[in-house]
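Structure, as C-alpha cells:
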Amino acid sequence: MRQLNVQQAKTHLSRLIEDVRKGEDIVLAKAGKPLVRLVPYEAETSERIPGAWAKKGWIADDFDTEDPAIASLFAGASAKARKR
C-alpha cells in the first residue's frame, strides 16, 4: 500500500490511475491522515433474466389502425387549411 498526500496526487494523477489499474493499492492522505483509497472502477452488472418482462405490458387491439385525422396531417391537409 502506497500513501500520498493530496498535493502529490494532484501532480501525478494520471500515473496513479495507471498504477491502480495495474492492481496497486493507493491511499490519499491529508496531513498524514488517510482520507480515501483509490480503487479501479467495476461496472455493476446484474444477471439478465430472459422473459422477465413477459406479460407485464400490453398493446392495444387497435394499435395498427390508422387515424384519418393524423394521416391527413402527414399528407399536408392541415397546411392547406391554415393558409385560408
Residue pairs meeting the criteria (Cβ under 8 Å; at least 6 apart or on separate chains; first among the charged types (D, E, K, R), in segment 26-41; second surrounded by 11 or more Cβ atoms within 10 Å (Cβ to Cβ)): K30/N5; K30/V6; R37/D25; R37/I26; R37/V27; R37/L28
Positions within segment 22-62 being over 17 Å from L4 (Cα atoms) and of a type in the set (G, A, S), in sequence order: A43, S46, G51, A52, A54, G57, A60
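Read the figures in this text as sums done on the coordinates, not as results from a lab. Computed from a predicted structure; not experimentally measured. Don't worry about glycine lacking a Cβ; one is built from the backbone with ideal geometry, like all the others, and counts go over all protein chains shown.
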